[in-house]
Amino acid sequence: MMPAYFHSRWYSLFFLLYLCIGLYFLQNLVLAVVYQSFTTKEKQKFRKLFFHRRGALRKAFDILVDTGEVYFTSHASHDTHTHT
């Protein structure tokens, strides 16, 4: 069967402990590190997208202001409805 097992039964105990520690403890540790780095990268990507979008909206607004044309005003709807 297993020559090391016949030589000493402590070898099998060592092998089982090695498997438990290696498979569960170290695997969970590696998974935690990978998950942490993934969430950090995703947060950085979201911030970059958010600031890029905000900058693009600011540039679009500046273009609308420079042309002098007003496409939407929030006060126009309030001025047409006067109550007596």
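Can you list the lysines whose alpha carbon sits under 22 Å from that of LYS59, skipping same-chain ones fewer than 8 residues off?
In chain and number order, the partners are LYS45, LYS48.
Leaving ligands, DNA and RNA out of it, rank LEU19, LEU26, LEU31 by accessible area with a 1.4 Å probe, largest first.
In descending accessible area the options line up as LEU31, LEU26, LEU19.
Put a dot 7 Å past each Cα toward the Cβ at PHE6 and LYS48; how far apart are the dots in nm?
Computed distance between label sites LYS48 and PHE6 equals 6.1 nm.
Using 7 Å Cα-to-Cβ label points, what is the LEU17/ASP62 separation (nm, one decimal)?
So the label points at LEU17 and ASP62 sit 6.7 nm apart.
The values are calculated or read from the model by the stated rules, or taken from the named source; none is laboratory data. Model, not experiment: these values are computed from the prediction. Every residue, glycine as well, gets a Cβ built from its backbone with ideal geometry; the counts of neighbours run over all protein chains shown. We work out accessible area using only protein heavy atoms, side chains counted, and drop any ligands, DNA or RNA first. Shrake-Rupley method; radii C 1.70, N 1.55, O 1.52, S 1.80 Å.
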